[in-house]
Amino acid sequence: MARSVRRVAVGVGLTIAFLGSGGIAAPPARSALPKRPDIVLVVTDDQHRGTLGWMPAVNNYFVRHGIRFSRAMVPTSVCCPSRASLLTGEYAHTTKVWSNKAGWSEFVDAGMESKTVAVWLRRSGYRTGLVGKYLNAYGGTRPPPGWRVWHAFRGGNASYYDYKLLHTDGSITRYGSDAASYSTDVLRRYALRFIANTPKEKPFFLYLAPYAPHEPSTAAPRHLHLAAPVGSFDPPSVRESDLSDKPLWIQRLPAVSSATIQDIRVRQYRSLRSVDEAVAAILEAQRARRRLRNTLLIVVSDNGLMWGEHRVLGKFVPYSGATRVPLAIAWPARLPEGKMSARLALNIDIPVTIAAAAGAPHADVAGRNLLERWRRYGFVLEASSAHLPGSNGTNVERPAYCGWRTARYLFVHYGNGREELYDYARDPWELQDRRRTAPDLQRNLRRRARAACFPEPPGFNWG
């Protein structure tokens, strides 16, 4: 079926509301919006969902002016598939991006580079710019369609030092290991230059994607000795000793020590501080341009991160620690201030939300506009097979999977036939697999997953 084109009106009389657990009403609509908003999307890398408070400038701004989402999630907890979804509003089974190793080439081969939010906005008159991480294994020689300004990590993943940036004109700059080459600071300078070079009458879309706080979570020199974050991370899912209800590949992982977890937390805490400073500088630049009130700011992570829950360090799994992400949105000219929304919000919703705010037409995609009133009752989980590193250097293979996630339940079917079912109302830490005690529920969730997870990930079958 041909996809229709969406058009979202902006201007006089637009009413925006967020639906949380009880609904969040928008403030009264103003008689007119001076211009279409400037839009800033900040995408961090592997940020734990509970760490937005570690970014004081960002957190304070959203407490005062924004909406934070307590149930923001990603359907595929892997960097490149998630970033492909952030750019297109589509699930991995549509973008065909399943891995990090070949992520960019998979995106190109699926014809997705011409179907991104940048293309939508540039066609609508926006000045667009990407600064930082595009897709894993990016090897392009020119900016992809839709991007007017381009300063992207090239080759492999990304880095804090010793990396290359590909620029708008196709030139490449190689950065070293000196303090001035620290990548988050370099990206901040390019982001501020992009804003400064944008005419005031021209709306812009800035996609800022630093490497932080991805491992090895290297902090800027000025932040290397920041005091450790308050508290510790020691939920029951880290301490669980009986893993007999978990898949065999989980049981083979070694336990993660509290010292290892604390080391990860401290390094992530310190590396995020430079990201916070970059966002603060962008806010100040917009304030100086008298555009801050009409700036849509979104901060999100590409995926969550496991800090030892079920012995997992990293992502690549369907568990809550990997699929839940920090997400906050602010638009002082239009949105209510200092609110918390409990709706199920996904990364695929972000490009649609941006297009709606910009009034940019686009083809129908899987994502939904977070600025409208609706409720999501569940969504598909999907991933190809992956190797999980253990804390002692061991490596286990996690089979490909399809699943279904709701606010209350997690169901997963792995390619080897194993299934898991968790009830967050009774078991928020995923300590007890309930597949044997709730067969009717299991069948219902399997049916939903089977309908939604298509085409299936490579290496997966329903057995």
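Tabulated values for the structure
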quantity: Enumerated helices (runs of 4 or more DSSP H) restricted to region 35-133, each holding at least 3 residues that are over 30 Å from Arg290 (Cβ atoms); calculated: 79-88, 92-95, 103-109
quantity: Hits in region 130-163 (condition: open to solvent by less than 20 Å² (accessible area, probe 1.4 Å) and of a type in the set (S, T, N, Q)); calculated: Asn136
quantity: Residues that are out of contact with any helix residue (DSSP H, G or I) (no Cβ under 6 Å at 6 or more places or on another chain) and either at pLDDT below 95 or farther than 23 Å from Ala196 by Cα (or both), drawn from region 118-141; calculated: Gly139, Gly140, Thr141
quantity: Residue in region 225-244 that is closer than 30 Å to Ala84 by Cα, open to solvent by 20 Å² or more (accessible area, probe 1.4 Å) and touching a residue at least 24 places away in the same chain (Cβ under 8 Å) present; calculated: no
quantity: Residue in region 389-399 that is more than 20 Å from Thr95 (Cα to Cα), open to solvent by less than 20 Å² (accessible area, probe 1.4 Å) and among the aliphatic types (A, V, I, L, M) present; calculated: yes
quantity: Scan of region 296-325 for residues that are open to solvent by 10 Å² or more (accessible area, probe 1.4 Å) and in contact with a Cys (Cβ under 8 Å, 6 or more places away or on another chain), ordered by number; calculated: Lys315
quantity: Matching residues in region 197-207 - criterion: being crowded, with 20+ Cβ neighbours inside 10 Å and either among the aliphatic types (A, V, I, L, M) or farther than 22 Å from Ala355 by Cβ (or both); calculated: Leu206
quantity: Some residue of region 182-196 being modelled with pLDDT under 95, surrounded by fewer than 23 Cβ atoms within 10 Å (Cβ to Cβ) and among the basic types (Lys, Arg); calculated: no
quantity: The lone exception for Gly417 - which of (1) open to solvent by 10 Å² or more (accessible area, probe 1.4 Å); (2) within 30 Å of Leu253 (Cα to Cα); (3) assigned to a strand (DSSP E or B) it fails; calculated: (3)
quantity: Region 420-431, subset of a type outside the set (Asp, Glu) and surrounded by 15 or more Cβ atoms within 10 Å (Cβ to Cβ), residue nearest to Glu382 (Cα to Cα); calculated: Leu421
quantity: Residue match in region 269-287 (condition: among the polar types (S, T, N, Q), open to solvent by less than 10 Å² (accessible area, probe 1.4 Å) and either more than 30 Å from Leu86 (Cα to Cα) or in contact with a strand residue (DSSP E or B) (Cβ under 9 Å, 6 or more places away or on another chain) (or both)); calculated: yes
quantity: Among residues of region 272-291, those that are touching a helix residue (DSSP H, G or I) at 6+ places or on another chain (Cβ under 6 Å) and over 27 Å from Tyr182 (Cα atoms), counted; calculated: 0
quantity: Residue count for region 434-463, restricted to those that are open to solvent by less than 70 Å² (accessible area, probe 1.4 Å) and assigned to a helix (DSSP H, G or I); calculated: 8
quantity: Single match in Ile261, Ile250 (criterion: surrounded by fewer than 22 Cβ atoms within 10 Å (Cβ to Cβ), in contact with a helix residue (DSSP H, G or I) (Cβ under 6 Å, 6 or more places away or on another chain), in a helix (DSSP H, G or I) and not basic (Lys, Arg)); calculated: Ile250
quantity: Hits in region 109-136 - residues which are in contact with a strand residue (DSSP E or B) (Cβ under 6 Å, 6 or more places away or on another chain) and of a type outside the set (Lys, Arg); calculated: Ala118, Trp120, Leu121, Tyr126, Thr128, Gly129, Leu130, Val131, Gly132, Tyr134
quantity: Residue among Arg443, Arg448, Arg375 that alone is within 22 Å of the chain's Cα centre (by Cα), farther than 16 Å from Gly321 by Cα and of a type in the set (Lys, Arg); calculated: Arg375
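The rows are residues; the columns are (1) open to solvent by 20 Å² or more (accessible area, probe 1.4 Å); (2) more than 20 Å from the chain's Cα centre (by Cα); (3) farther than 15 Å from Asp38 by Cα.
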residue: Trp331; (1), (2), (3): no, no, no
residue: Pro336; (1), (2), (3): no, yes, yes
residue: Gly359; (1), (2), (3): yes, yes, no
residue: His362; (1), (2), (3): no, yes, yes
residue: Arg368; (1), (2), (3): yes, no, yes
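The values are calculated or read from the model by the stated rules, or taken from the named source; none is laboratory data. Small disclaimer: the values here were computed from a predicted structure and weren't measured. Cβ sites come from the backbone with ideal geometry, for glycine too, and all protein chains shown count toward neighbours. Calculation scope for accessible area: heavy atoms of the full protein, side chains included, ligands and nucleic acids excluded. Shrake-Rupley method; radii C 1.70, N 1.55, O 1.52, S 1.80 Å.
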